[in-house]
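Chemist: Questions regarding the structure given below will be posed in turn.
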Amino acid sequence: MMLTVEKIGGTSMSDYLTVRDNVVLGPNGENPTTGRILVVSAYGGMTDQLLEHKKSGKAGVFAHFSSDEDAGSWREALNSVRQNMFQKNAELFNSADAISKANVFIGERLDTAERCLEDLQRLCGHGHFSLEAHLSTVREMLASLGEAHSARNMAELLKEEGVNARFVDLTGWNADKSLGMDEHILEQFKDVDLGNELPVVTGYAHCESGIMSTFDRGYSEMTFSRIAVLVQADEALIHKEYHLSSADPKMVGVDAAVPIGRTNYDVADQLANLGMEAIHPKAAKGLRQSNIPLRVKNTFEPDHNGTLITTDYVSEKPCVEIIAGKQAVYAVECFNQDMVGDLLNFEQKIMQICQRFRCTHVTKDVNANTVTHYLSSNMKKIKRVQRELEEMFPESEINVKKVSIVSAIGSDMQVPGILAKTVGALADAGISVLAVHQSMRQVDMQFIVEEVAYEAAVRALHKCLVEVHDHGIAICAA
């Protein structure tokens, strides 16, 4: 029996009929409903409401509770989540009885969460208890609600379709003890009959170390990856609302951007470093080590094979496979003439400060007396980093500049003259290059440009390196 583990993203989950027809049953009902495990995310936007908006940072329940600036704000946010979850139930189920059962299930969990938050708030009103010490647990509890809601609903809806679906709850709700992640997964799967049942599994998995302390919002991908490794899946699939394409279609045009088709885990890691994850790099590690191929598919194009990611793939000819990047990156530059001959000492101290404020490190450049770190974080943290550096190195000149990073990525980019051609394309588009990085591994080139030049740089590189070729997927050596 071919065994696949498949993750369904939040935007896809929000469109149940499409997921049912394109992913679960297939357009003509040809898809098997056994030999598969579905790992589901919360409905689109639900985790943002429970925690905080992933991109804008707009406060959700957790952010309101942790700030503690307005004692009633987190209750209002939680009530809004309840209303939205109940509304989603009403949209999905046809009978009053099914809607009622769905509301009771998630309503009980919301009630329990509310009582926990109230009790914790009262407890931490005393000087001997610190709210900060409990916030990671609160974050885990709130995050679990989204996946419990969507997974239970999908299992029940599929049962109505005649599918022998089974809700597998990894959230650890009301569990009397905490287990390691692998142990917890194996415990919940010990009675699952993969030959006769279709498990619908929560993307959140409770474990004693706390899955979000390491993976934060990438937790569902880690759950998906560990399940695939533990059941020794033949293939892991991620169903998203878009293809893994040669560039963002919104920037370069729908007709110009095309699915990559094939690549390797090295390229996936480069994308993850830019925050454009095909899969979280630590989740990919388990799949790579177990030699499990990963396929990324577009939920809304079921007949397309998507992009297959394997360990050993190398393009037949040297080529660029994708143009990606990251906006709103802060370049933190430290210049000190005493750095010559003592670079390692300076570097270690700078990195310690960046790590202390939990700034995401994207890349860096170094010369004899200057180190520049490109960090992804908010301005508040960056200013703290700058103050710490100024205090630690009073003789240094510390400069901070907001920039963008645009990268050309491929499994093999050893094309003579490609760097010169690329820089020339940016110059022709009137874009100044502030810094360039190209490693000997020849899997990516990174260009630091002005923040406002990001989209123009993506379009210029895509036009130069991708769109000039008939196959539309990559630049290949002539």
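The values are calculated or read from the model by the stated rules, or taken from the named source; none is laboratory data. As the structure is a computational prediction, the values presented were derived from the model and not from experiment. Note: ideal-geometry Cβ built from the backbone for every residue, glycine included; neighbour counts use all protein chains shown. Surface areas here come from the heavy atoms of the whole protein model, side chains and all, with no ligands, DNA or RNA. Shrake-Rupley method; radii C 1.70, N 1.55, O 1.52, S 1.80 Å.
Chemist: Hey, could you check segment 253-285 for residues that are free of Cβ contacts under 8 Å to residues at least 12 places away in the same chain and within 25 Å of LYS55 (Cβ to Cβ) and say which is surrounded by the most Cβ atoms within 10 Å (Cβ to Cβ)?
Modeler: Filtering segment 253-285 for residues that are free of Cβ contacts under 8 Å to residues at least 12 places away in the same chain and within 25 Å of LYS55 (Cβ to Cβ), the one surrounded by the most Cβ atoms within 10 Å (Cβ to Cβ) comes out as GLY253.
Chemist: Given the conditions (1) open to solvent by 10 Å² or more (accessible area, probe 1.4 Å); (2) in contact with a Lys or Arg (Cβ under 7 Å, 6 or more places away or on another chain), report the number of the one that ILE238 does not fulfil.
Modeler: For ILE238, the exception is condition (1).
Chemist: Restricted to segment 33-58, and to residues that are part of a loop (DSSP other than H, G, I, E, B) and free of Cβ contacts under 8 Å to residues at least 24 places away in the same chain, which residue is most open to solvent (accessible area, probe 1.4 Å)? Don't jump to the end; show me each part of the working.
Modeler: In the first step, residues of segment 33-58 are kept if they are part of a loop (DSSP other than H, G, I, E, B); the result is 33-35, 41-45, 51, 53-58.
Retained after the next criterion (residues that are free of Cβ contacts under 8 Å to residues at least 24 places away in the same chain): 53, 55-56, 58.
On the way: HIS53: 70, LYS55: 188, SER56: 86, LYS58: 147 Å².
So the residue we want is LYS55.
Chemist: Right, another one. Pairs needed: first member in segment 451-478, over 21 Å from LEU434 (Cβ atoms) and of a type in the set (A, V, I, L, M); second member anywhere, part of a helix (DSSP H, G or I) and at pLDDT below 95; C-beta distance under 6 Å; at least 6 residues apart or different chains.
Modeler: Between residues of segment 451-478 that are over 21 Å from LEU434 (Cβ atoms) and of a type in the set (A, V, I, L, M) and residues that are part of a helix (DSSP H, G or I) and at pLDDT below 95, the close pairs are ILE475/LEU465.
Chemist: Considering segment 253-269 alone, what residues qualify as being farther than 14 Å from VAL314 by Cβ and outside any helix (DSSP H, G or I)?
Modeler: Result: GLY253, VAL254, ASP255, ALA256, ALA257, VAL258, PRO259.
Chemist: Quick check on VAL366: is it in contact with a Ser or Thr (Cβ under 8 Å, 6 or more places away or on another chain) and either open to solvent by less than 20 Å² (accessible area, probe 1.4 Å) or basic (Lys, Arg) (or both)?
Modeler: On the way: in contact with a Ser or Thr (Cβ under 8 Å, 6 or more places away or on another chain): yes; either open to solvent by less than 20 Å² (accessible area, probe 1.4 Å) or basic (Lys, Arg) (or both): no.
Taking the combined requirement at face value, the residue does not satisfy it.
Chemist: I need a count of the residues in segment 361-397 that are free of Cβ contacts under 8 Å to residues at least 40 places away in the same chain, of a type outside the set (A, V, I, L, M, F, W, C) and closer than 29 Å to THR214 by Cα.
Modeler: Selection size over segment 361-397: 8.
Chemist: Now, a different point. Which of the residues belonging to segment 119-156 are open to solvent by 50 Å² or more (accessible area, probe 1.4 Å) and free of Cβ contacts under 8 Å to residues at least 24 places away in the same chain?
Modeler: Hits for segment 119-156 are ASP119, ARG122, LEU123, GLY125, HIS126, GLY127, HIS128, PHE129, SER130, GLU132, ALA133, HIS134.
Chemist: Could you check segment 100-142 and list, in sequence order, the residues that are at pLDDT 95 or above and of a type in the set (Gly, Ala, Ser)?
Modeler: Once the filter is applied, which keeps residues that are at pLDDT 95 or above and of a type in the set (Gly, Ala, Ser), segment 100-142 yields SER100, ALA102, GLY107, ALA113.
Chemist: What number goes with the only condition from (1) in a loop (DSSP other than H, G, I, E, B); (2) open to solvent by 20 Å² or more (accessible area, probe 1.4 Å); (3) at pLDDT below 90 that LYS250 does not pass?
Modeler: Going through the list (1) in a loop (DSSP other than H, G, I, E, B); (2) open to solvent by 20 Å² or more (accessible area, probe 1.4 Å); (3) at pLDDT below 90, LYS250 breaks only (1).
Chemist: Let me ask another. Taking into account only those residues within segment 6-19 that are open to solvent by 50 Å² or more (accessible area, probe 1.4 Å) and in contact (Cβ under 8 Å) with a residue 40 or more places away in the chain, which is farthest from HIS239 (Cα to Cα)?
Modeler: The qualifying residue farthest from HIS239 (Cα to Cα) is ASP15.
Chemist: Next question, about the same structure. Kindly indicate the residue of segment 324-357 that is in contact with a Ser or Thr (Cβ under 8 Å, 6 or more places away or on another chain) and more than 19 Å from VAL403 (Cα to Cα) and also most open to solvent (accessible area, probe 1.4 Å) among those meeting that condition.
Modeler: For segment 324-357, the residue satisfying everything is PHE357.
Chemist: Tally up the residues in segment 115-168 that are assigned to a helix (DSSP H, G or I) and under 22 Å from GLY44 (Cα atoms), please.
Modeler: Qualifying residue count for the region: 21.
Chemist: Can you tell me which residue in segment 400-422 is farthest from TYR313 (Cα to Cα), limited to those that are part of a loop (DSSP other than H, G, I, E, B) and in contact with a helix residue (DSSP H, G or I) (Cβ under 8 Å, 6 or more places away or on another chain)?
Modeler: Filtering first and then ranking leaves GLY410.
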